[in-house]
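Presented below is the structure to which this report refers.
The values are calculated or read from the model by the stated rules, or taken from the named source; none is laboratory data. Everything numeric in this text was worked out from a predicted model, so none of it was measured. Backbone-built Cβ (ideal geometry, glycine too); neighbour counts: all protein chains shown.
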Amino acid sequence: MSPRTVLTFCAFFVSVLGARYDPTWDSIDSRPLPAWYDEAKLGIFIHWGVFSVPSINSEWFWERWLGSRTPEVVNFMKNNYRPDFTYADFAPQFTAEFFDANQWADMFSASGAEYVVFVSKHHEGYTNWPSNHSFNWNSMAVGPKRDIVGELAAAIKTNTSIHFGLYHSLFEWFHPLYLQDKENNFSTQNFVIDKTMPELYELVNTYKPDVIWSDGDWEASSDYWQSKQFLSWLYTDSPVKDTVVTNDRWGSDSTCHHGGFFTCQDRYQPGKLQPRKWENAMTIDKRSWGYRRNAPLSDYLSTQELLATFIETVSFGGNMLMNVGPTKEGTIHPIFEERLRDVGAWLNVNGEAIRSSRPWTSQNDTITPHVWYTMKNSDVYAILLDWPTGSTLSLGAPMTQTGTTVQLLGYSGNFMWKARSGRGIDITIPPISANKIPCKWAWTFKLSGLATMY
Ligand SMILES: *[C@@H]1O[C@H](CO)[C@@H](O)[C@H](O)[C@H]1NC(C)=O
Ligand SMILES: *[C@@H]1O[C@H](CO)[C@@H](O)[C@H](O)[C@H]1NC(C)=O
Ligand SMILES: *[C@@H]1O[C@H](CO)[C@@H](O)[C@H](O)[C@H]1NC(C)=O
Ligand SMILES: *[C@@H]1O[C@H](CO)[C@@H](O)[C@H](O)[C@H]1NC(C)=O
């Protein structure tokens with residue numbers, strides 16, 4: 001066979017049999033990210049667990065109480081609970097009586113998000129599904145007495161077009177097997193073999209998630225966690241091998257270096273274009289991922305702030321994963337709900353500039369602050385966080401030519417413009433009455449037929 005024929009045969013077998021990925025970072029990192037993820041731009045993160053019962057401080061409540069002993073948490077327990085109360089005693093109060101997976105699914109759809117990442121198990125070790133590897137510390141045995149992951153997966157998959165994803169913590173603060181492995185300087189792997197890996201395989205085989213968002217990796221290497229073996233199976237042989245995406249938190253050597261998309265640190269905002277797809281995982285409550293009963297309004301990011309972060313993230317090629325923390329009863333607080341619906345209302349008008357967009361040559365404008373760029377096909381979108389104060393909007397980055405047109409998304413008609421000397425455009429903003437403004441918070445000018453810049 002000629003080399004060309006051999007290549008054709010190889011391509012044929014790869015497409016028929018699927019690609020194989022070895023348990024090495026080189027092989028795992030070579031897998032192309034399934035396209036849906038980059039196109040989606042917005043996901044909703046949901047932190048729910050036994051920590052939602054005390055619902056003060058954060059989802060780190062147990063560790064702050066008995067590990068690092070944060071005064072707020074230590075005093076809260078001393079003042080409000082009998083001395084022999086244990087963290088496990090909170091679990092029966094994780095009642096979830098108002099949890100309606102379809103209501104959540106509707107709300108997430110209304111936000112315009114295209115994927116969700118639900119906490120299947122946080123560092124406390126409690127599983128939100130009836131795991132065969134967590135006999136009495138799971139949502140069927142104690143608390144809701146329901147398969148929370150299963151109900152949400154079914155509602156999202158059946159009744160929405162949203163991709164269903166799962167967060168999973170590799171480590172558990174107080175698991176005896178984990179503590180023993182740690183004591184052994186991670187030269188033993190009993191916790192990984194008996195708990196972490198069986199759980200991950202069970203989650204993938206049972207719920208077929210399109211995202212595995214790993215966390216809790218940082219105390220040990222990816223060799224200890226057996227992450228590369230798991231990812232090799234996930235990408236090669238699992239039931240979601242063609243659609244699943246993962247993040248980078250697979251070991252202390254992996255975060256920001258290996259895996260799928262990069263999350264690096266929480267609220268990641270690199271501020272420049274990245275060679276690899278990245279995600280800004282952030283939360284509407286500035287101080288916590290889990291629900292806090294005592295959060296004042298000022299602790300919640302405003303819709304303006306959320307959209308500013310989102311638009312900046314997208315202009316640099318990132319996705320934003322925006323977190324809400326439900327209550328122990330299973331409701332999502334109306335403040336969170338309003339933020340989700342606001343973002344969705346904005347996307348209804350401006351989604352064209354966001355979904356499936358790519359970064360443009362400039363990320364922000366060169367003369368007017370708070371203007372962020374995206375592009376799709378040959379159109380460039382200038383997204384303004386401030387409505388122009390005068391009758392002219394001056395942009396320094398675009399290069400016009402005869403036939404360039406300017407439109408405001410959600411508003412009909414073309415805007416008048418003049419080329420600036422050298423480069424740039426002055427757009428004439430006509431008087432628009434308040435009830436004709438297409439949206440609040442941020443506005444998108446679509447620039448079509450610009451001159452190619454190089
Ligand atoms: C747990 O094991 C039982 C019996 O083998 C099986 O029917 C069930 O599907 C398993 N549950 C999960 C979540 O994998
Ligand atoms: C999908 O929505 C319908 C109508 O609201 C509801 O009856 C059904 O139970 C939902 N399906 C799932 C799997 O949640
Ligand atoms: C773990 O490492 C520490 C520090 O290097 C050492 O003192 C200790 O003996 C080691 N423990 C085991 C079980 O190897
Ligand atoms: C655009 O962003 C760069 C880098 O953050 C910044 O230095 C510059 O001032 C911004 N441009 C405007 C007009 O705000």
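Of the residues making up the range 395-414, those that are more than 34 Å from the chain's Cα centre (by Cα) and among the polar types (S, T, N, Q) are Thr400, Gln401, Thr402, Thr404, Thr405, Asn414.
Scoring Gly410 on the criteria (1) over 21 Å from Ser109 (Cα atoms); (2) assigned to a loop (DSSP other than H, G, I, E, B); (3) modelled with pLDDT of 95 or more leaves a single failure, condition (1).
Counting the residues of the range 220-256 that are under 22 Å from His123 (Cβ atoms), charged (D, E, K, R) and out of contact with any Ser or Thr (no Cβ under 7 Å at 6 or more places or on another chain) gives 1.
For residues that are over 19 Å from Phe90 (Cβ atoms), hydrophobic (A, V, I, L, M, F, W, C) and within 15 Å of ligand 1 (Cβ to nearest atom), scanning just the range 130-160, find the one that is surrounded by the fewest Cβ atoms within 10 Å (Cβ to Cβ). Looking at residues that are over 19 Å from Phe90 (Cβ atoms), hydrophobic (A, V, I, L, M, F, W, C) and within 15 Å of ligand 1 (Cβ to nearest atom), I get Ala154.
Out of the residues in the range 181-226 that are of a type in the set (Gly, Ala, Ser) and under 12 Å from Gly251 (Cα atoms), which is farthest from ligand 3 (Cβ to nearest atom)? For the range 181-226, the residue satisfying everything is Ser214.
Taking the listed residues Met375, Met320, the one that is more than 16 Å from ligand 3 (Cβ to nearest atom), outside the structural domain of Pro144 (by TED's automatic domain parsing) and not in a helix (DSSP H, G or I) is Met375, with no other qualifying.
The rows are residues; the columns are (1) closer than 16 Å to Thr327 by Cβ; (2) touching a Lys or Arg at 6+ places or on another chain (Cβ under 6 Å); (3) within 16 Å of ligand 2 (Cβ to nearest atom); (4) among the basic types (Lys, Arg).
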| position | (1), (2), (3), (4) |
| --- | --- |
| Phe94 | yes, yes, no, no |
| Ala101 | yes, no, yes, no |
| Trp104 | yes, no, yes, no |
| Ala110 | no, yes, yes, no |
| Tyr115 | no, no, no, no |
| Phe118 | yes, no, yes, no |
| Lys121 | no, no, no, yes |
| Glu124 | no, no, no, no |
| Asn128 | yes, no, no, no |
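Scanning the range 415-439 for residues that are more than 34 Å from the chain's Cα centre (by Cα) and modelled with pLDDT of 95 or more returns Phe415, Met416, Trp417, Lys418, Ala419, Arg420, Gly424, Ile425, Asp426, Ile427, Thr428, Ile429.
When we screen Phe186, Phe191, Phe164 for residues that are part of a loop (DSSP other than H, G, I, E, B) and surrounded by 15 or more Cβ atoms within 10 Å (Cβ to Cβ), the only hit is Phe186. Does Asp84 satisfy being at pLDDT 95 or above, assigned to a helix (DSSP H, G or I), surrounded by fewer than 16 Cβ atoms within 10 Å (Cβ to Cβ) and away from ligand 1 (no atom under 16 Å from the Cβ)? For Asp84, the condition - at pLDDT 95 or above, assigned to a helix (DSSP H, G or I), surrounded by fewer than 16 Cβ atoms within 10 Å (Cβ to Cβ) and away from ligand 1 (no atom under 16 Å from the Cβ) - is not met.
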